[in-house]
1. Between their Cα atoms, which of 4/37; 67/276; 131/276; 67/194 are more than 24 Å away from each other?
2. Going 7 Å from the Cα of residue 195 along its beta-carbon direction, which residues of the stretch 208-238 have the amide nitrogen within less than 20 Å of the resulting point?
3. Looking at [x] 57; [y] 50; [z] 66, which value of percent of Cα pairs over 23 Å apart comes from a calculation on the structure shown?
4. Could you give the size of the charge dipole of the stretch 1-131 about its Cα centre, using +1 on the Cβ of each K and R and -1 on the Cβ of each D and E, expressed in debye and rounded to the nearest 20?
5. Going by alpha carbons, how many degrees (0 to 90, nearest 10) lie between the helix axis of 247-257 and the longest principal axis of the chain?
6. Which value, in Å², gives the accessible area per residue of the chain when a 1.4 Å probe is used on the protein heavy atoms?
7. Based on the Cβ-Cβ distance from residue 216 to residue 57, what FRET efficiency comes out when R0 is 41 Å, to the nearest 0.05?
8. As a test of reading the structure, rank 18, 79 by solvent-accessible area (1.4 Å probe, protein chains only), most first.
Amino acid sequence: MLIKLLQDQFVTELTPIYDELEAQQLFLFCLEELEEKTRIDLVMHPDLVTVNPEKWAHTLEELRNQKPIQHIFGKAYFYGYTFQVNEHTLIPRPETEELVEWILASVPADQPIRILDIGTGSGCIGLTLAKELPQSQVTLLDIAAEALQVAQQNATNLGVQVNFIQQDILALSQLATTFDVIVSNPPYIRQLEKVEIKKNVMDYEPHTALFVTDQDPLIFYRKIAALAFDNLQTGGQLFYEINQYLGQEMVELLTSIGFKNTELRRDLLQNDRMTKSVV
């Protein structure tokens, strides 16, 4: 079958679920994974024929069922790096790349610093920082052993040496050492916001990494901030990815704990998405 016809089929069958641009992006992801070809290859050679028609059909069926393409192929791209992902880890998202950029712009690139990534999942934040700041000492913490296994494999694939800790952060009374930077993208979606969550997230990504109660949506932020306030070096920085609806509540929380110069920043979609605070 001509790959060009597969492209038309993908767009036709997936546009009821995704918009046309997303459907085209899904096709191009599959083109690279299943045929080792790019969009340019297809433009230059419109008569290309697939060598994997059964895999194309199976992949299209899974996409119709709204399984994330990153789970279909077991990989995601983040900040120019490839990360393994599965049902035990969140899929890295573009707004999280913006958080990483902010951290990199806020710390010295030529000095050794100690970084703690809490709720690391696939390790996309901490491992990217370890790659971009090779003199840094990075520790990845998560409650889930399965997530840490994925992060460990990603560390190996990326060729970085980091520390791993399995720990329920809510049960921790004190961190074992001090850090220069602490970063976290903890669970923050309230139960009342579940109606906004797409099926490909709701059915396939770990709920423990996504949801909090409506009664105490900042439970992880409060705990982590208290630990960070006691365990960051003077001038140390705490970075968060946050719920877009709770930006002002986050600023008030961090100020009440004692952090200085808390900055609330919007992502490219103009949502309140991240904070930086200084001890």
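1. 67/276, as the Cα separations exceed 24 Å there.
2. 211-217
3. [x]
4. Computed charge dipole of the stretch 1-131: roughly 320 debye.
5. Roughly 30 degrees between the two axes.
6. I get 49 Å² per residue for the chain.
7. Plugging the Cβ-Cβ distance into 1/(1 + (r/R0)^6) gives 0.35.
8. Working: 18 30, 79 65 Å².
My answer, sorted largest first, is 79, 18.
The values are calculated or read from the model by the stated rules, or taken from the named source; none is laboratory data. Note that this is a predicted model, so its numbers are computed, not measured. Every residue, glycine as well, gets a Cβ built from its backbone with ideal geometry; the counts of neighbours run over all protein chains shown. Quick note on the areas: whole protein, heavy atoms, side chains included, nothing else; ligands and nucleic acids left out. Shrake-Rupley method; radii C 1.70, N 1.55, O 1.52, S 1.80 Å.
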